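The values are calculated or read from the model by the stated rules, or taken from the named source; none is laboratory data. Fair warning: this is a prediction, and the values are worked out from it, not measured in the lab. Glycine also receives a Cβ, built like all others from the backbone with ideal geometry; neighbour counts cover every protein chain displayed. With ligands, DNA and RNA removed, areas are computed over all heavy atoms of the protein, side chains included. Shrake-Rupley method; radii C 1.70, N 1.55, O 1.52, S 1.80 Å.
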Amino acid sequence: MQVVDLSHPVSTGMQVFPGDPSVELRSAATVAADGFAVAQLHLGSHSGTHLDAPLHTVQGGAAVDAMPLESLMGPARIVTLPEPAANAVLRWEDVSGQLENLLPGTIVLFSTGWSRHFDTPAYLEHPTFDAGIAERLVAAGVRLVGVDTLNPDPTPGPADPGQSQGGPFLPFHDVFLGAGGGIVENLTRLDAVPVPEPWFSALPLRLEGLDGSPVRAVAFRP
Ligand SMILES: [Zn+2]
């Protein structure tokens, strides 16, 4: 079975959402000194390739350990959006042609190629997805969406005081997580998947009561 890894490596100092906890991996024990190796991990619940649970933006929403595993793996469709401009806003008409005849429960993965900018300042100027797309996907019975960007919504830049005005504006999150769905962010290598309708899996750690978790996201053919 061919498996395509759609996850970024998790490493010390890797790029994270502005203001999120930094990623630091340290040695806590070594074979040389202790007879076994153990690492100490410092990271946020949204570090690297990760899953947003409803609780991420919805008061009282489901936590990551309460999300049904059936919704996090299964048949997927990749929507390819080649080379959108920086900060482009993608709307329903840009994606609808590739979302016809969608069965309820299909996982939708948006491939913009923006992951090539990961770990550079340009990664923050990613294309974004209009909330109308989230509304249509929810209506079609989609429960899980993945993007190869930091965020389906705009990410505030250093000059943008969005955070000080009551938090960033997250309309895609609000609609999709508000309907009980999940969002996988920071996917990569979607262009290496050889078929447009692979199976997809992104299982989170069973972190009790938390708003998200790093995942190992893969595409495969059962
Ligand atoms: Zn997130």
Go through the range 39-54 residue by residue and tally those that are away from the ligand (no atom under 11 Å from the Cβ) and either aliphatic (A, V, I, L, M) or over 20 Å from LEU109 (Cα atoms) (or both). 5
Which members of the range 2-25 meet the condition of being over 22 Å from LEU210 (Cβ atoms), open to solvent by 60 Å² or more (accessible area, probe 1.4 Å) and not in a loop (DSSP other than H, G, I, E, B)? VAL3
If I filter the range 41-79 down to residues being open to solvent by less than 10 Å² (accessible area, probe 1.4 Å) and part of a strand (DSSP E or B), which single residue comes out as farthest from LEU190 (Cα to Cα)? ASP52
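Does the range 173-184 contain at least one residue that is among the aromatic types (Phe, Trp, Tyr), under 21 Å from PRO75 (Cα atoms) and either surrounded by fewer than 17 Cβ atoms within 10 Å (Cβ to Cβ) or within 13 Å of the chain's Cα centre (by Cα) (or both)?
yes
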Per the filter on the range 130-156, residues more than 14 Å from the ligand (Cβ to nearest atom) and among the hydrophobic types (A, V, I, L, M, F, W, C) are ALA131, ILE133, ALA134, LEU137, VAL138, ALA139, ALA140, VAL142
Does any residue of the range 115-126 turn out to be part of a loop (DSSP other than H, G, I, E, B) and acidic (Asp, Glu)? yes
Could you grab me the full set of residues in the range 80-106 that are closer than 23 Å to TYR123 by Cβ and either open to solvent by less than 60 Å² (accessible area, probe 1.4 Å) or of a type outside the set (Asp, Glu) (or both)? THR80, LEU81, PRO82, PRO84, ALA85, ALA86, ASN87, ALA88, VAL89, LEU90, ARG91, VAL95
The range 192-218, residues that are surrounded by fewer than 21 Cβ atoms within 10 Å (Cβ to Cβ) and touching a Phe, Trp or Tyr at 6+ places or on another chain (Cβ under 8 Å): TRP199, SER201, VAL218
List every residue pair whose Cβ atoms sit under 7 Å apart, with the two residues 6 or more apart in sequence or on different chains, where the first one lies in the range 75-91 and is within 15 Å of LEU150 (Cβ to Cβ) and the second, anywhere, is open to solvent by 50 Å² or more (accessible area, probe 1.4 Å) and not in a loop (DSSP other than H, G, I, E, B). ALA86/GLU125; ASN87/GLU125
